[in-house]
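Take a look at the structure set out below.
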Amino acid sequence: MLTAGVDIGSRSIEVVLYDGGQIVEAITAISGAAPAENAKKAFFDAMLAAGARRSDVVKVIATGYGRNYFREADAVSSEILCHARGVAYVFPQARTVIDIGGQDSKMISVDGNGKVMNFVMNDRCAAGTGKFIEMVGLMLDVPLDNMGQLTENSSEAREISSMCAVFAESEIIGLTQSGTPVDVVLRGVFRSVAKRTLAMTGKVGLQKDVVFTGGVAKNAGVARAIEQETGVRLQIPSDPQVTGALGAALIAYDKMK
Amino acid sequence: MNHEVDLVRDARRRGKGVVGIYCEFTPRELILAANAVPVCLCGASNRTIPPAETVLPSNLCPLIKSSFGYIVTNRCPFLMVADLVVAETTCDGKKKMYELLAEKQPVHILELTQKFEEQEAFSHWVSEVGKLRKKLEKTFNRTITDDDLRKAIKDMNHERSLLRSAFELGKEDPAIVTGMELAELRYRVAGDPVHLRMLEAFMAEARDRKKHGKFAAKKGAPRIMITGCPTAQGTTKLIEVIEECGAVVVVQETCSGMKPLDIQVDETGDPVEAIARKYFQLPCSCMTPNKGREALIGKLAKEFKVQAVIDLVWQACHTYNVESFLIDRFVREKLGMPYMKVETDYSDSDRERIKVRVQTLIEML
Ligand code: SF4
Ligand code: SF4
């Protein structure tokens, strides 16, 4: 008996097959222009790779923005719940998940079974999200992949006072015009992003272990800034993309029991 | 909405006055007693926001911007025929917007006083209501007698009690009506017999559904209360999202729901004072203190068997936004229920993201 989790995001699709003990198969595909069709193809590819038939898969849960359009699914589940469940499977000690994606940031508290106890999501403006950091990178002419490394040895940080993308832009221009080195500006930006994200802890608290996920988790500079602000060491999954699909497959399995 | 436009035009033709209002603090009774039609002018369209922003700052609540957009573009069919606009000193954004409106149209301001439980505040409000009576008498060149007022009080009490009974269909479990259906029951115009008949018809249909076991949502669908800023036809995004996620909005505590219907005007005693007393108890976040809102939320949560409370805050509505801290604490600690705040505007850009949060909340129940 297998269950499947299918995470249909705006950029990629992940499929995980689970047998109650371990991950049988995990594959990734591009969402493209026809996400529902591509998700179906990925789902069947995963079964093929696992040598499973459609009838072996007893429950399919879809999550992610495309969840409601995936016909093969028996049910849908919120990406926050799936993500948290997947993270807790990989890090059983996790009690808090910080997730900073392209357009939003979330803070989730989970119990020992990966059940979400509380969550906060900042979804109304790009401040402090991946988009914001991308914009700063473009302004300072620093590729995203180099950001973490560039700030590794800088001892100073000039924090920016406004996290509104528009105001931050002029503030950063002001700093570079006055000769502040790029690494100092960047470290300041990371510290501001960290503080802004941590402001959400007021609602959910910050219990250890803390896992950092989402596209921005790949940025070592931001991770370092959060660690410095909190004094807590962050756990960062090596393959963070698959957690949503994994969580969906796990939740599907729970429902079968 | 078309029917309401026709109704107002028709009233005009028959020589009736038309008075625009923007808030549930406006005593519609006085307007009816002056043989005029009270009509709500609150903007509920995203399209009128860009023209409003040519004058107003963009970080203002969408309700104010949308309302003002109708003013600058001269597109509001009601405003065009209004003899007078009655407005209150509620939130800062609205107050200052009224000054701009007053350059185009006669506006009468009612001054609301804070600390409503104090006698001086109430006396002041009674005199404000009295001044509105005079203003209406002058505008329409007629005397408003106490008997006119008493009749208007009866009519408005009847209208409110009908609307309230309709909203109370939300108490049924399993649900026989959706939150969207209930949201469509509100009318911009008060004192319209067609509206009252529509309410009766809706209630009859709902009773029929119950008899035939036709339910409006799946058995066990989570029951949600919306509190916070008012919605209107065209700004029901949050209700739609909640119901698309499989839950039912069984009650709105807001000004588009039960808030203005909870208390009636006393039909005995001095009519002006009775009217003043009813409106002064409206638990709006523009007032301080505003403990009445918690009491109302608590009462409705019980009566409607609510499982979670979602607080709607129009972006840049500071009073509701700040008050949400207190409501959050009240709902979680005193009612022991999940609470979520949704800050949004009239655009559709965040619909999917709101859905993620709402679905998470619902699945967690
Ligand atoms: S919420 Fe307050 S300001 Fe808005 S309509 Fe209601 S009473 Fe008036
Ligand atoms: S929603 Fe808030 S800011 Fe907007 S008009 Fe009402 S009280 Fe004022």
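Please treat every number below as a calculation from the coordinates, not as lab data. Small disclaimer: the values here were computed from a predicted structure and weren't measured. Note that we place each Cβ from the backbone using ideal geometry, even for glycine, and neighbour counts take in every protein chain shown.
Here, the protein assembly as shown yields an orientationally averaged convex hull projection of 31.6 nm² when only Cα atoms define the hull. Over region A:1-141, the ratio between the Cα radius of gyration and 2.2 N^0.38 Å evaluates to 1.14.
Kindly provide the trypsin sites (Lys or Arg not before Pro) of region B:214-292 that DSSP labels as loop, not H, G, I, E or B, and whose Cβ sees at most 13 other Cβ atoms within 10 Å. Mind showing how you got there, number by number?
Working: sites: B:214, B:218, B:219, B:223, B:237, B:277, B:278, B:291; in loops: B:214, B:218, B:219.
For trypsin sites (Lys or Arg not before Pro) across region B:214-292 that sit outside H, G, I, E and B with at most 13 neighbouring Cβ atoms in 10 Å, the list reads B:214, B:218, B:219.
Need one number for region A:94-236: average projected area of the convex hull over its C-alpha atoms, nm². The partial results should precede the final answer.
Working: hull surface 31.4 nm².
The Cα convex hull of region A:94-236, projected and averaged over all directions, gives 7.9 nm².
Computed over chain B with a Gaussian network model linking Cα atoms closer than 10 Å, the most mobile of B:257, B:130, B:43 is B:130. The modelled label-to-label distance for the pair residue A:22/residue B:352, using points 7 Å beyond Cα in the direction of Cβ, is 3.5 nm.
Residues within the reach of a label modelled at residue A:227 (point 7 angstrom out along Cα to beta-carbon, backbone nitrogen below 19 Å), restricted to region A:94-111, are A:94-100.
Close amide H pairs (under 5 Å, H built 1.01 Å from N) link residue A:105 with A:122, residues at least 5 positions away or on another chain. If the elastic network links every pair of Cα atoms under 10 Å, which of B:298, B:69, B:15 fluctuates the most in the Gaussian network model of chain B? Taking springs between Cα atoms under 10 Å, the residue moving most is B:15.
Over the protein assembly as shown, dividing the summed -39,500 (n - 2.57) contributions of all DSSP H runs of at least 4 residues by the number of residues returns a 222 nm mean residue ellipticity of -13500 deg cm²/dmol.
Loop-located trypsin sites (Lys or Arg not before Pro) across region B:81-134 with a Cβ neighbour count of 11 or fewer within 10 Å are B:115, with loop assigned by DSSP. Pick out, in residue order, every one of the trypsin sites (Lys or Arg not before Pro) in region A:150-249 that is DSSP loop and has at most 14 other C-beta atoms within 10 Å; say none if there are none. Sparse-neighbourhood loop trypsin sites (Lys or Arg not before Pro): A:208, A:233.
The residue among B:360, B:61, B:283 whose Cα reaches farthest toward the positive pole of the charge dipole of chain B, with charges on the beta-carbon of Lys, Arg, Asp and Glu, is B:360.
What the phi angles of region A:178-193 give under the Karplus curve with 6.51, -1.76 and 1.60, with θ = phi - 60°, is a coupling list of 7, x, 5, x, 4, 5, 5, 5, 4, 4, x, 4, 4, 5, 5, 4 Hz, glycine and proline written as x. When only alpha carbons of chain B are considered, Rg and Dmax amount to 20.0, 60 Å. In this Cβ point-charge picture (+1 for Lys and Arg, -1 for Asp and Glu), region B:150-364 has a dipole of about 500 debye about its Cα centre. The convex hull built on the alpha-carbon positions of region B:1-100 has an orientation-averaged projected area of 6.2 nm². Shown for B:248, A:24: other C-beta atoms within 10 Å of each C-beta, ranked fewest to most, produce the order A:24, B:248. Note on A:58, A:110, A:204, A:166: ascending count of other Cβ atoms within 10 Å places them as A:166, A:58, A:204, A:110, the fewest first.
Evaluated on region A:156-197, the Kirkwood hydrodynamic radius is 10.0 Å, with distances taken between all distinct Cα atoms. Positive-end ranking of B:169, B:36, B:112 along the dipole of chain B, with charges on Cβ about the Cα centre, is headed by B:169.
Quick one, could you list the DSSP H helices from chain B stretching 30 Å or more along their long axis (Cα atoms) with average Kyte-Doolittle hydropathy of -1.0 or above? Those that clear 30 Å and a mean of -1.0 are B:119-140. Fewest neighbouring Cβ atoms within 10 Å first, the residues B:195, A:83, B:158 line up as B:158, B:195, A:83.
Classify region B:150-364 from the C-alpha gyration tensor, please: rounded if a/c falls under 1.5, else prolate or oblate depending on whether a/b exceeds b/c.
Working: a/c = 1.72, a/b = 1.19, b/c = 1.45.
Taking the square roots of the gyration eigenvalues as a ≥ b ≥ c, region B:150-364 is oblate.
Quick check for me: using +1 on Lys/Arg Cβ and -1 on Asp/Glu Cβ, what's the dipole size of chain B about its Cα centre, in debye to the nearest 20?
Numbers: 54 positive and 52 negative charges, 111 e Å.
It comes to approximately 540 debye.
Can you give the alpha-carbon Rg of chain A over 2.2 N^0.38 Å, where N counts its residues? Each step should come with its number before you reach the end.
Details: Rg = 19.6 Å, N = 257, 2.2 N^0.38 = 18.1 Å.
Normalised by 2.2 N^0.38 Å, the Cα Rg of chain A equals 1.08.
Across region A:72-79, coupling constants 3J(HN,Hα) worked out from phi with the 6.51/-1.76/1.60 Karplus curve, θ = phi - 60°, read 6, 6, 8, 7, 10, 9, 5, 5 Hz, and Gly and Pro carry x.
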